[in-house]
Amino acid sequence: MEQANPLRPDGESKGGVLAHLERLENQTSRSRKRSEAQAQERVLGTKIQKLRHLRDDPRAALWHRRGSVKACIANVEPNRTVEVNEQEALEEKLENVKAILQAYHFTGLSGKLTSRGVCVCINTAFEGNLLDSYFVDLVIQKPLRIHHHSVPVFIPLEEIAAKYLQTNIQHFLFSLCEYLNAYSGRKYQADRLQSDFAALLTGPLQRNPLCNLLSFTYKLDPGGQSFPFCARLLYKDLTATLPTDVTVTCQGGEALSTSWEEQRASHETLFCTKPLHQVFASFARREKLEMSLVS
């Protein structure tokens with residue numbers, strides 16, 4: 001009998017096939033493991049990237065915030081410095097005003113602090129006579145400004161404020177005092193002329209609101225036959241109480257004697273050098289003297 005052949009017709013043994021299958025299974029398993037490992041590596045790599053981003057992002061945000069804060073501080077500090085300097089300047093101006101008011105309290109300048117700043121009171125006087133009072137309510141801020149005032153409209157308050165209020169408040173107050181005192185002094189003289197020496201006037205006293213232009217007609221001997229004098233007084237300097245230009249003429253006397261011309265010229269000199277009511281007081285005394293000599 002023939003002995004059975006252990007080989008398959010294709011020449012492969014059962015053991016060889018099984019070994020081959022086992023090798024294929026091992027290769028497949030290793031390939032699958034490698035794929036799984038690679039996939040896990042990719043997942044882990046993605047997670048690592050995310051974790052690194054999360055780690056670095058707060059740092060970047062922190063540094064960004066720090067940079068923003070520094071930039072803000074750099075921008076704020078100059079502004080804050082400017083604000084502090086402005087506040088200090090305003091406080092210094094307020095202290096200066098208070099010092100001025102205290103130092104010149106007895107010269108007619110006084111005031112009191114308000115919620116906005118200070119209210120200055122200017123008391124005018126002439127020849128020791130207390131006259132009108134005016135106030136200026138100042139707001140101490142930048143820029144300084146006038147809130148309310150009682151200064152007459154014909155006093156150049158806006159012009160004075162434009163020149164001195166922002167740069168030298170002391171000069172502003174003194175300049176305003178000069179204008180107001182001069183106006184009150186001129187008005188006082190004109191009032192005295194009308195009230196005390198009306199008997200010497202032959203017509204009404206004409207004056208403008210500022211009292212820097214006066215014109216009137218007068219006689220030294222009201223009961224006599226002498227010609228009346230016409231006077232025109234102009235005060236170009238609004239801070240002065242004496243006229244800068246004086247014109248005296250004699251009505252009805254085209255060909256006056258030398259004595260009348262000398263008298264007219266002496267009147268012009270008197271009006272330029274003495275207050276108006278004092279000049280007429282001297283006229284009244286002279287008239288009384290002449291009348292006493294006649295009697």
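Spot the failing condition for E127; the list is (1) open to solvent by 80 Å² or more (accessible area, probe 1.4 Å); (2) modelled with pLDDT under 90; (3) under 23 Å from E178 (Cα atoms), and only one is missed.
Against the list (1) open to solvent by 80 Å² or more (accessible area, probe 1.4 Å); (2) modelled with pLDDT under 90; (3) under 23 Å from E178 (Cα atoms), E127 comes up short only on (2).
Wholly within the range 100-213, which strands (runs of 3 or more DSSP E) include no fewer than the required count, namely at least 2 residues that are touching a helix residue (DSSP H, G or I) at 6+ places or on another chain (Cβ under 7 Å) and under 30 Å from F283 (Cβ atoms)?
Values: elements: 109-113, 117-126, 129-139, 145-149.
Answer list for the range 100-213: 117-126, 129-139.
Can you give me the number of residues within the range 166-201 that are open to solvent by 40 Å² or more (accessible area, probe 1.4 Å), touching a residue at least 12 places away in the same chain (Cβ under 8 Å) and charged (D, E, K, R)?
In the first step, residues of the range 166-201 are kept if they are open to solvent by 40 Å² or more (accessible area, probe 1.4 Å); the result is 166-168, 170-171, 174, 178-179, 181, 187, 191-192, 194-196, 198-199.
Narrowing further to those that are touching a residue at least 12 places away in the same chain (Cβ under 8 Å): 166, 170, 178-179, 181, 187, 192, 196, 199.
Of the ones still in play, those that are also charged (D, E, K, R) are 178, 187, 192, 196.
Of the residues in the range 166-201, 4 are open to solvent by 40 Å² or more (accessible area, probe 1.4 Å), touching a residue at least 12 places away in the same chain (Cβ under 8 Å) and charged (D, E, K, R).
Just checking, does the range 202-222 include any residue being in contact with a His (Cβ under 8 Å, 6 or more places away or on another chain), farther than 22 Å from S266 by Cβ and surrounded by 15 or more Cβ atoms within 10 Å (Cβ to Cβ)?
The first filter runs over the range 202-222 and keeps only residues in contact with a His (Cβ under 8 Å, 6 or more places away or on another chain), leaving none.
Within the range 202-222, not a single residue is in contact with a His (Cβ under 8 Å, 6 or more places away or on another chain), farther than 22 Å from S266 by Cβ and surrounded by 15 or more Cβ atoms within 10 Å (Cβ to Cβ).
The values are calculated or read from the model by the stated rules, or taken from the named source; none is laboratory data. Please read these numbers as outputs of a predicted model, since none were measured by experiment. All Cβ positions, glycine included, derive from the backbone under ideal geometry; neighbour counts span all protein chains shown. To get the accessible areas, we keep the full protein, side chains included, count just its heavy atoms, and leave off ligands, DNA and RNA. Shrake-Rupley method; radii C 1.70, N 1.55, O 1.52, S 1.80 Å.
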